[in-house]
Amino acid sequence: GLVAFADRNVRNQTCRDIVVQLDNIHENHFLDEADVLRMVESGASRLRNRPFHEIDYTEIEQRLERQRNLREAQVFHDFEGNLVVNVALRRPMARLVQEQGADAYLSEEGVVMPVSDRYSTRVMVVSGLYVRRAMVSQRLDQDPYGRQILALLKFILADDFWKAQIAEVHIHESGKVDLYPQVSSQVIALGQPEDLEDKFFRLKVFFKEILPRQGWNRYSRVSLEFANQVVAR
């Protein structure tokens, strides 16, 4: 009862200041507190010195969450008269690269994020004609093939060996995928992004047992498209 009474009193107060809390556990510095504050204050109505009960918290949250670098926003007031804005940033897991047009990042949720002039992060590269389609859709989690690509990227990043080995994922217009390793020079033809456990098991055997004996640059192309075999030439 005391908490509810105090909360009603605060809601009748005016907003003294705006406090931004940035949840950035992954240290991605695409945005800072000043950027978020500018977004909050970009609405039609002033917030400072305005009664809390006249402030539309939901509108502010929705406006912030339309920013593709932000994953979540929560707006509330504290007992000191501050409007508190808590935001969580998205984490990029790949960089989308086009032959023509601007690059972008791809978040863990499958959202296409703009690049930043002030900060860049080293992540796996995704290239090929599919990137143009991803740029148009802005979300890879909205269609079955996009979800397959997300699953492929997460599969690579979840394994320390593959995370260190694979530098680039090239997606053809047909939907077939080629992988480019960090060290060796061969192209790895993965085919359609499916049966990942089986294909990467065969590829790991090839990397650990064949290439050390035959030489890392002996083969120019390695295909995993056919079941139960690795075709190298």
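The values are calculated or read from the model by the stated rules, or taken from the named source; none is laboratory data. What you see is a predicted model; the values in this text were computed from it and never measured. Each accessible area value is taken on the protein alone, full model and side chains, heavy atoms only, with ligands, DNA and RNA left out. Shrake-Rupley method; radii C 1.70, N 1.55, O 1.52, S 1.80 Å.
Normalising by residue count, region 46-114 has a Cα convex hull of 98 Å³ per residue.
Surface exposure of the chain, expressed per residue as accessible area with a 1.4 Å probe, stands at 55 Å².
Working note: Cα atoms of region 160-233, range along each principal axis, descending, whole Å: 33, 26, 25.
At q = 0.27 Å⁻¹, what is the log10 ratio I(q)/I(0) for region 25-74, with the Debye formula run over Cα points and no solvent? After summing over all Cα pairs, the log10 values are -1.15. Only helices enter this figure: runs of n ≥ 4 DSSP H residues, each worth -39500 (n - 2.57), summed and divided by the residues of the chain, yield -8500 deg cm²/dmol at 222 nm to the nearest 500. For the chain, the carbon plus sulfur part of the accessible surface works out to 47%, probe radius 1.4 Å. Distance between the C-alpha centres of region 162-233 and region 25-81: 45 Å, rounded to the whole angstrom.
Binning the alpha carbon pair distances of region 62-170 at 10 angstrom intervals from zero yields the distribution 13, 41, 29, 11, 5, 1, expressed in whole percent.
The value of relative contact order for the chain, using C-alpha pairs under 8 Å at least six residues apart, is 13 percent. For the chain, the longest principal axis of the Cα atoms and the long axis of helix 2-11 meet at an angle of about 90 degrees. Scalar couplings 3J(HN,Hα) for region 205-213, obtained by applying the Karplus form with A = 6.51, B = -1.76, C = 1.60 to θ = phi - 60°, are 4, 4, 5, 8, 10, 8, 4, x, 8 Hz; x denotes Gly and Pro.
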